[in-house]
Amino acid sequence: MRALRTLAVATITAATLGLTAVPAHADTQTKKDASGDVVGLEDGGGNGTAADRRRTDVLSLTGEHGDGRLRFTFTMADTSQARGGSFLSAQARFVTTDGSEYYASLERVGGGDATTALRREGQPVTCRGLAGRVVSAKDRYVLVVPRSCVGNPDSVRFGGVVNYLTPSSTILGDDARRDGRVGDRPRLGTARLANN
């Protein structure tokens, strides 16, 4: 009888451990960015309105790599849409283990829906499962790139930028890895984001 009880306890314990197993997790890196460091990108400056600058202001950029995907989350000061005549682009730049450079982008025109695109070395890439969304309640732009679309890399280095063409045609930008400056391309981090 005691042997049966011991066997039953062992079976229940094993079943319980199986139910509570921790799922695989993604390697995650977050780069915080200074608040209020939006810059004008046109000759002569042009700073836009306070609302325009908040729509462009990146507070942090998080990269996640695992579970078959890369996920880039821009946390913004504000994700509200301006009506008519505005264009916003959130671009994640990443370089894979083999040195290939990709850009994943989420774009919004005026009050319209967000669209997404993926480019490799400047050329469009067809990517089933590429997704982008605006999470207004949390002031976030999220881009999800299936690993299969980018050669299933072991790791990537990443960065990102948000550019905004205001309704008054002022061009603003904020690089998540530069305070108060925007370069020709978004700056990449030095640490590799590995696939877990």
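The values are calculated or read from the model by the stated rules, or taken from the named source; none is laboratory data. Note that the structure is predicted; figures quoted are calculated from it, not measured. Cβ: placed from backbone, ideal geometry, glycine included. Neighbour counts: every protein chain shown. For the accessible areas, the whole protein counts, side chains as well, though only heavy atoms, and no ligand, DNA or RNA atoms are used. Shrake-Rupley method; radii C 1.70, N 1.55, O 1.52, S 1.80 Å.
Of note:
- Matching residues, segment 91-127, being farther than 17 Å from residue 163 by Cα and of a type in the set (S, T, N, Q): 96, 97, 100, 123, 126
- Residue 106 vs. criteria assigned to a strand (DSSP E or B), more than 21 Å from residue 126 (Cα to Cα), at pLDDT 75 or above and aliphatic (A, V, I, L, M): no
- Residues that are closer than 18 Å to residue 102 by Cβ and not acidic (Asp, Glu) do not occur anywhere in segment 166-175.
- Of residues in segment 100-113 being buried (at least 17 other Cβ atoms within 10 Å of the Cβ) and in contact (Cβ under 8 Å) with a residue 40 or more places away in the chain, the one farthest from the chain's Cα centre (by Cα): 102
- Filtered by the rule that a residue be open to solvent by 30 Å² or more (accessible area, probe 1.4 Å), within 20 Å of the chain's Cα centre (by Cα) and at negative phi, segment 35-74 gives 35, 53, 54, 55, 59, 64, 69, 71.
- Residues of segment 75-99 satisfying the condition of being crowded, with 19+ Cβ neighbours inside 10 Å, farther than 19 Å from residue 133 by Cβ and of a type outside the set (D, E, K, R): 96
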